[in-house]
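Below: one structure, written as C-alpha cells.
Throughout, read-outs are computed from the coordinates displayed, never taken from laboratory work. In this text, all values refer to a predicted model and were calculated from it rather than measured experimentally. Counting neighbours? That spans all protein chains shown, and the Cβs are built from the backbone with ideal geometry, glycine included.
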Amino acid sequence: MISSVKHIIAVASGKGGVGKSTIAINLAIALSKLGQEVGLLDADIYGPSQQRMLGVSDDIQPEQKDGKYISPILAHGIKAMSIGFLSGQGVPMIWRGPMAGSALTQMLEQTFWGDLDYLLVDMPPGTGDIQLTLSQKTSLSGAVIVTTPQDIALLDAKKGIEMFRKVNVPILGIIENMAVHVCAECGYREHVFGSDGGKKLSLDYKVRTLASLPLDIRIREESDSGSPVVISLPDSEVSQCFEAAANEILEALKTKTERVDFPEIKISED
Ligand SMILES: Nc1ncnc2c1ncn2[C@@H]1O[C@H](COP(=O)(O)OP(=O)(O)OP(=O)(O)O)[C@@H](O)[C@H]1O
Ligand SMILES: [Mg+2]
C-alpha cells in the first residue's frame, strides 16, 4: 500500500542549532491537537534528535510490516520516523552523501504512514544535498523557516528562503526563535540574540511571521526530557504561540484538500 499525504512541509533553516527540531515537533503536535493526522520525519540523518525529544526509549524499535514497510513510532499523538529509531541513540552515521540520501528516501517511502493530513520534515541545517533533493523530488506544499534574530542566523535563513524559492516551494512563514529572554527571577526582558531580525526578514521577503518564541529554559528542559512543551505545558504562552502558528499553516493550506500519493523520488550521485 502506498501511503498518502495531503501536505508535506519542510521545517528548515540555513543554520544549525536554531531550534528546527524543537519547533518541528511542537508544531506537529499542535497540528494533531487541532484534529489533523500528522507524521514527523527526521531528515537529519547524521544528527537525528527526535528519539530523545519525543521521549522514545532505545528499546522501542519500529516494527516491520508486510516485509516491505516499517511502522512509524507513535508518540504524543503523531507518527514519527527517524534514523535514530533504527540505529539507536549515540550511534554515529558515517555515510557518504548518496547513502544518507537513500536512507532518507527509504524512510520517506517505506514508512507505513497511512493517510496523513500533514507530514512535517525536520530538516538538517544547511542548503546541501538533502535539502535540495527533498525540495526538488517531493511535492512540498511549503516550507517553514526557523531563525534566531541574530545577523548570522538571518543570513543563513535568507539562503534557505532563496533555495526553496529556486525550486518553487512556497514559504509558509518564518518562526523567530529565541527572540527574547525573560528572566524567571525578575521578569527582565533581554534580547540575547538581537531584536526584530525575524520581522525584518519577513518584510524583506514578504512572508509572514508565524510565531516569535522566547528563549525559555522550560522549552529546553521539557525537550531534553522527551516531553515537548505543547504537551507538558499546554496552557503556557509558548504553547499558545505554537497553536497559533499551526492555525496559520492550516489556514494557508486549506484550499488543497485531496491527498496525493507519494511521488517517486530518486537520488543519484550527480
Ligand atoms: N526557544 C527556546 N528556548 C530555550 N531553548 C531552546 C529554544 N529552542 C530550542 N532550544 C534548545 O536549543 C537546542 C537546539 O535546538 P534544536 O535541536 O531544536 O535545534 P536545531 O535547529 O534542530 O539543531 P540542528 O541544526 O543541530 O538540527 C536544544 O537543546 C533545544 O532544547
Ligand atoms: Mg535538528
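What separates the Cα centres of segment 9-60 and segment 207-226 is a distance of 13 Å.
Among 108-121, 23-36, 197-210, sorting by the average number of other beta carbon atoms lying within 10 angstrom of each residue, highest first, gives 23-36, 108-121, 197-210.
The lysine pair tally for segment 4-253, using Cα distances under 14 Å and a gap of 8 or more places or different chains, is 8.
Would you mind getting me the FRET efficiency between residue 221 and residue 200? Use the beta-carbon distance for r and R0 = 25 Å, nearest 0.05. Write out the running numbers ahead of the final one.
On the way: r = 30 Å, r/R0 = 1.21.
Efficiency, from the Cβ-Cβ distance: 0.25.
Given a Förster radius of 25 Å and the C-beta distance between residue 4 and residue 132 as r, what FRET efficiency does 1/(1 + (r/R0)^6) yield to the nearest 0.05?
Details: r = 24 Å, r/R0 = 0.98.
So, using R0 = 25 Å, E works out to roughly 0.55.
Work out how much length residue 61 to residue 93 would gain on full extension: take 0.36 nm times their residue separation and subtract the Cα-Cα distance, in nm to one decimal.
Value of the extension gain: 9.8 nm.
Efficiency by 1/(1 + (r/R0)^6): what FRET value for residue 34 and residue 232, r their Cβ-Cβ distance, R0 = 25 Å, to the nearest 0.05? FRET efficiency, residue 34 to residue 232: 0.85. Using the average count of surrounding beta-carbon atoms within 10 Å as a protection proxy, the listed peptides 5-12, 182-189 rank, highest first, as 5-12, 182-189.
For the chain, the antiparallel share of DSSP beta bridges with both residues in that region comes to about 25%.
Can you tell me which of 128-136, 66-74 comes out highest on packing, and rank the rest after it, using the mean Cβ neighbours within 10 Å?
Working: 128-136: 19.1, 66-74: 14.7.
In decreasing order of mean packing, 128-136, 66-74 become 128-136, 66-74.
In percent, rounded to a whole number, the relative contact order of the chain is 28, using alpha-carbon pairs under 8 Å and six or more apart. The local environment of residue 18, defined by Cβ-Cβ distances under 14 Å, has a net charge of 0 under the rule Lys, Arg +1 and Asp, Glu -1.
Between residue 110 and residue 192, the modelled label-to-label distance comes to 4.1 nm, taking each label 7 Å out from Cα in the direction of the beta carbon. Fully extending the segment from residue 102 to residue 155 would add 16.1 nm, taking 0.36 nm per residue of separation and subtracting the current Cα-Cα distance.
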